[in-house]
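Remarks on the structure that follows.
All of the numbers you see were taken from the coordinates with simple rules; none came from a lab. Nothing here was measured: the structure is a model prediction, and the numbers come from that model. Virtual Cβ from ideal backbone geometry, glycine too; neighbours counted across all protein chains shown.
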Amino acid sequence: MAAFLYKTGKFSFRWRWWVTVLWAGLLVGAGVLASRADAAPPNDFSMPGTEAQQAYDLLEDRFPEIKADGATARVVFKADDGKVTAPDRKQAVEDAVRALGEAPQVERVTDPFTTGSVSKDGTTAYAQVSYGATVNELADTSRKALTDTVEEARSSGLTVEAGGNAVSGTATGSHSTEAIGLAVAAVVLVITFGALISAGLPLLTALLGVGVATCAIKVLSAPLDLGGTTSVLATMLGLAVGIDYALFVVSRYRDELARGRGREDAAAHAVGTAGSAVVFAGLTVVIALAALPVVGIPVLSQMGLAAAGTVALAVLIAVTLIPALLGIAGKRVKAARPRRRKRRGDDEPAGTAPRPGLAARWIRFITRRPLAVLLVGATALIAVAVPAASLELGLPGDESKPTSTTQRRAYDLLADGFGPGFNGPLTAVVRADDGGDAQAAARNAANRIKETDGVATVTPPRFNDAKDTAVLTVVPTTAPGSEETTGLVHTLRSPETEGADAEVLIAGTTAMNIDVSQKLTEALLPYIALVVGLAFLLLIAVFRSILVPLKAALGFLLSIAAGLGAVVAVFQWGWLGSLFGVSVPGPVMSIMPIFMVGVVFGLAMDYEVFLVTRMREAYVADRQPVRAVVSGFEHSARVVTAAAVIMISVFAGFMGSSEQMVKTIGFGLAIAVLFDAFVVRMTLVPAVLALLGHRAWRLPRWLDRWVPHVDVEGERLQDTEPSPAASLADSLADSPADSPTDSTTDSTPAALPPPDSATVPAEPYEVR
C-alpha cells in the first residue's frame with residue numbers, strides 16, 4: 001500500500017498540471033450535468049415494516065382522496081376576552097377559514113363551527129388545514145399564504161397561532177452554519193500552519209470534493225430516486241473528512257521537507273505514509289456509512305450511501321490532487337520549523353535543547369503514570385455515560401420548540417382548550433375480515449377503543465366508497481411524547497382491543513414516531529456490532545495487532561456512551577438547559593444515536609489511524625514501545641488537535657439553531673468528538689499502549705499468515721525511495737517541461753538527515 005501510494009504521489013507531483021486540470025474538469029463537467037438534471041424527487045419517508053406504514057398504505061389504497069402523507073396545519077383561535085362564538089369574532093374566524101381554503105395547494109379546511117372544533121368553555125377553536133402535497137413538496141407561496149392569513153386574523157382582536165408540519169417544515173440557517181464552520185476551519189488551519197497557502201489547500205480541496213459530490217448526487221437523483229435531503233450528510237461529512245485528510249498529508253509533507261527531503265520525494269513520502277493512513281481511515285468511515293441500510297429506513301440508506309461516496313472522493317483527492325497542488329505551490333509551502341527555544345536570558349548555555357512543547361509535556365506525563373491516567377480518564381467517561389442508561393427516544397414536535405414560536409404557542413393553546421392529548425391524535429384504520437360487515441366491525445372497534453383507559457374521545461367512523469374500510473380519530477388523554485401515550489398505542493394494537501371481526505391498524509404522527517423510535521432502538525446494537533466488527537478486522541490488517549484494534553473499538557464505545565450520556569443529561573433531564581437553550585426537556589430524537597454512531601465512528605477512526613500509525617512507524621524503526629508512543633504523539637498531536645477543533649467548532653455551530661432537533665445533533669456530535677479526540681485518543685490510547693509495551697504490536701503466529709501486510713507505516717519505502725539528495729536531483733532532472741523547476745523545487749536541500757535516520761526517529765518538529 002505504501003509503495004503504491006508513494007508512486008501515486010510522485011506521479012501526481014510530476015504531472016501536477018494534468019492532474020489539477022483533470023479534477024477541475026471533473027468539477028466543471030459535474031456542474032454542467034447538474035444544472036441540466038431534473039429536480040430531486042421528494043424524500044421517501046416511508047418506514048417499511050411498521051404498522052403505521054401499513055395503515056398509511058391502506059389509506060392510500062382505500063381512501064385516495066385522503067393525502068395520508070400530506071402536509072397539515074392547525075390554525076388556533078382564542079378570544080382574548082369572552083368567547084370565539086361571539087358574532088364579531090365568529091365572523092373573523094369564518095373569514096380566516098375562507099382565506100385558508102383559497103390558498104395554493106390546500107385540499108380541505110374544516111370550519112370549527114360546523115365540525116364542533118370549539119372548546120367546552122367556548123374560548124378556543126381551531127381549523128384543520130389539509131394540503132395536497134407533502135411537506136417537501138409544499139411551495140413557499142403556500143406557506144406565505146398561511147402566515148399572511150394568521151397575521152390578518154390577529155388584527156381582529158383574536159389570539160391566532162398556527163402549528164403542524166406545514167409551518168415547521170421550513171429549514172433555515174444551514175448555509176450560515178456551514179459558513180461559520182468554514183471560517184473556524186480557516187482560522188485553525190492558519191494557526192496550525194502559520195501560512196495562508198498551506199492553510200488554504202485543505203479548504204480548497206475539501207470544497208472541490210463536496211462540489212463534485214453534490215453535483216453527482218443531483219445528477220443521479222432522478223434515475224436513482226434520491227430524495228432532496230440526500231446530500232445533507234454528504235456535505236457535512238465531505239467538508240469534515242476532506243479538510244482532515246488534506247491536513248494530514250500537507251502536515252506530513254512539511255515534516256518531510258524539514259527532514260531534508262526534496263519536494264518531489266517529500267510529497268511522494270507524505271502520500272505513501274500519511275496517505276496510507278488516510279486510505280484506511282476513509283475505509284472505516286465508508287464502512288460506517290455504507291452500513292446504514294441495515295436500519296431499514298430509506299432516507300437514512302440514501303444519505304449513508306451518498307456520504308460514503310463523498311468520503312471515498314475525499315480520499316482520492318487527498319492522495320492525488322494534494323501532491324499535485326503542492327508541486328504547483330513549490331517554495332510557497334514551507335518546511336515545518338523546529339521549536340523555538342524559550343528565552344531565558346543571556347546566561348543560557350549554547351546548544352541547550354528546545355523547551356518541550358505542550359504535547360511533549362502531556363505525553364511524557366501520561367507515559368510516566370499510564371495506569372493512573374487510564375483509571376481517571378475511563379472513570380470520568382463512565383460517570384458521564386451513566387445518564388445514557390435512561391435514554392428515551394422520540395421525535396420531538398411542536399412541544400419542544402421555544403415559546404417564542406407560533407408552533408409552540410398553538411400547541412399550548414390546544415392543550416389548554418382541548419386537553420394535552422389533542423396535539424397527538426391517533427388514526428385507527430378498521431378493515432373488516434373477508435365477507436364481514438365492515439360497518440358493524442367499525443362500530444364495535446369504536447366502542448372497544450372508547451372503553452380503553454387513556455382515550456379521551458373517538459370520532460364516528462368514516463367509510464370509503466366501497467364501505468369495506470373505516471377511519472376513526474382517537475384522541476388520547478395524555479401528551480404525544482409521554483410514556484402513557486406510547487403504552488396506549490401498544491394497548492390499542494393488542495388482540496383484545498382489535499377484536500376478532502376486523503383488523504385495526506393504528507397510525508398517525510404519534511404512532512409513526514413510536515414505530516420509528518422502536519425500529520431505530522432495535523437496529524442500534526446490530527448496527528454498532530456490524531460497524532465496529534468490520535472496522536476491527538480492517539484495523540487488524542492496518543496495525544498487525546489484536547490489542548490495538550480492540551483498544552480502538554472499546555475506546556469508541558466509551559466515547560459514544562459518554563456523548564449519549566451528556567445528551568440525555570442536557571436535553572432529556574434538562575441539566576444546564578438554560579445554558580444550551582433547551583426550553584422543554586423531553587425524549588431524545590430517535591435518529592440521534594444511529595446518526596452519532598455513524599459520524600463519530602468515522603472521525604474517531606480518522607484520529608486513531610493517523611495517531612497510532614505514527615506510533616507504529618516509530619516502533620518499527622526503533623523497537624522501543626514507550627519511546628515510539630512519545631515520538632508518534634509529538635509528531636501528530638498538533639495536527640490531530642487542529643482537526644478535532646475544526647470538527648467540534650463546525651458541529652457546535654448547529655447549537656445556535658432554534659430547532660431543538662438541530663440543536664441536539666450539534667451538541668451530541670460536538671461533545672462526542674470532544675470526548676473521543678481529547679480523552680480517548682490523546683489520553684487513554686497512549687496510556688494503554690504504554691502499559692502494553694511490546695505486546696501492543698504483536699500478532700499471534702496462527703493469525704499472521706492470514707492477515708495481509710498492507711504496510712501503512714511505509715517500511716518498504718526505505719528500500720524503494722532515494723536519498724534526500726538523490727530525490728532532489730531526480731526532481732530537477734525529471735521535472736516535466738510544462739512545469740518550470742525554478743518555481744517548484746529548492747536549489748539545495750534544507751538539511752540532510754543523519755546517516756542513521758532510517759532507523760532512529762527524527763526529532764519532532766513543531767508545525768507553525
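So, in Å, what gap is there between the alpha-carbon centers of the stretch 253-300 and the stretch 72-149?
First find each Cα centre; the distance between them is then 55 Å.
So how many Å³ per residue does the convex hull of the Cα atoms of the stretch 511-595 work out to?
Details: hull volume 8.7 nm³, N = 85.
About 102 Å³ per residue, rounded to a whole number.
Applying the Karplus parametrisation 6.51 cos²θ - 1.76 cosθ + 1.60 with θ = phi - 60° to the phi angles of the stretch 239-254, what ³J(HN,Hα) value in whole Hz is obtained for each residue in order, glycine and proline being reported as x?
With coefficients 6.51, -1.76 and 1.60, one gets 5, 5, 6, x, 5, 4, 5, 5, 4, 5, 5, 5, 4, 5, 4, 5 Hz.
Out of Gly454, Tyr411, Val430, whose Cα points farthest toward the positive end of the dipole of the stretch 378-456 (charges: +1 Lys, Arg; -1 Asp, Glu; placed on Cβ)?
Result: Tyr411.
Which of the GluC sites (Glu not before Pro) found in the stretch 73-113 are in a DSSP loop and have at most 14 neighbouring Cβ atoms, other than their own, within 10 Å?
Sparse-neighbourhood loop GluC sites (Glu not before Pro): Glu102.
Can you list the lysines whose alpha carbon sits under 28 Å from that of Lys78, skipping same-chain ones fewer than 8 residues off?
Those lysines meeting the cut-off are Lys90, Lys120, Lys144, Lys401.
Using Cβ contacts closer than 10 Å as the measure, can you line up Arg695, Arg254 from fewest to most?
Arg695, Arg254
Could you tell me the extents of the stretch 206-266's C-alpha atoms along the three principal axes, largest first, rounded to whole Å?
Between the extreme Cα coordinates on each principal axis of the stretch 206-266 lie 53, 18, 13 Å.
With Rg and the Kirkwood Rh both taken from Cα atoms, where does Rg over Rh land for the stretch 390-536?
Value, to two decimals: 1.07.
Any chance you could check the Cα centroid distance between the stretch 585-602 and the stretch 544-574 for me, in angstrom?
One Cα centre to the other: 12 Å.
What's the magnitude of the charge dipole for the stretch 429-561 around its Cα centre, counting Lys and Arg as +1 and Asp and Glu as -1 at the beta-carbon? Answer in Debye, nearest 20. Working shown, then result.
Values: 10 positive and 15 negative charges, 156 e Å.
With only Lys, Arg, Asp and Glu charged at Cβ, the dipole is about 760 debye.
Give me the compactness ratio for the stretch 561-638, meaning the Cα radius of gyration over 2.2 N^0.38 Å. Don't skip to the end; give the middle numbers.
Details: Rg = 19.1 Å, N = 78, 2.2 N^0.38 = 11.5 Å.
So the stretch 561-638 has a normalised radius of gyration of 1.66.
Full extension from Thr85 to Gln518: what is 0.36 nm times the residue separation minus their Cα-Cα distance, to one decimal in nm?
The Thr85-Gln518 span can extend by a further 151.6 nm.
Quick check on the exposure proxy: order Trp23, Trp18, Trp702 from fewest to most C-beta atoms within 10 angstrom.
With the sparsest Cβ surroundings first, the list reads Trp702, Trp18, Trp23.
Can you compute the charge dipole magnitude of the stretch 206-313 about its Cα centre, using +1 on each Lys and Arg Cβ and -1 on each Asp and Glu Cβ, nothing else charged? Give it in debye, rounded to the nearest 20.
About 160 debye.
Report the rotationally averaged projected area of the stretch 478-554 based on its alpha-carbon convex hull, in square nanometres. Walk me through the numbers before you get to the answer.
Numbers: hull surface 31.5 nm².
The Cα convex hull of the stretch 478-554, projected and averaged over all directions, gives 7.9 nm².
Over 16 Å, how big is the tail of the calculated P(r) for the stretch 234-284, in percent of all Cα pairs?
Summing the P(r) of the stretch 234-284 above 16 Å gives 41 percent of all pairs.
Once you have the Cα-Cα distance between Asp622 and Leu358, take 0.36 nm times their residue separation minus that, and quote the gain in nm to one decimal.
Gain in length upon complete extension: 92.7 nm.
Hey, could you get me the Stokes-Einstein D for the stretch 60-138, Kirkwood radius over alpha-carbon pairs, 37 °C and 0.692 mPa s, rounded to whole µm² s⁻¹? The partial results should precede the final answer.
Values: Rh = 13.5 Å.
D, rounded to a whole number, is 243 µm²/s.
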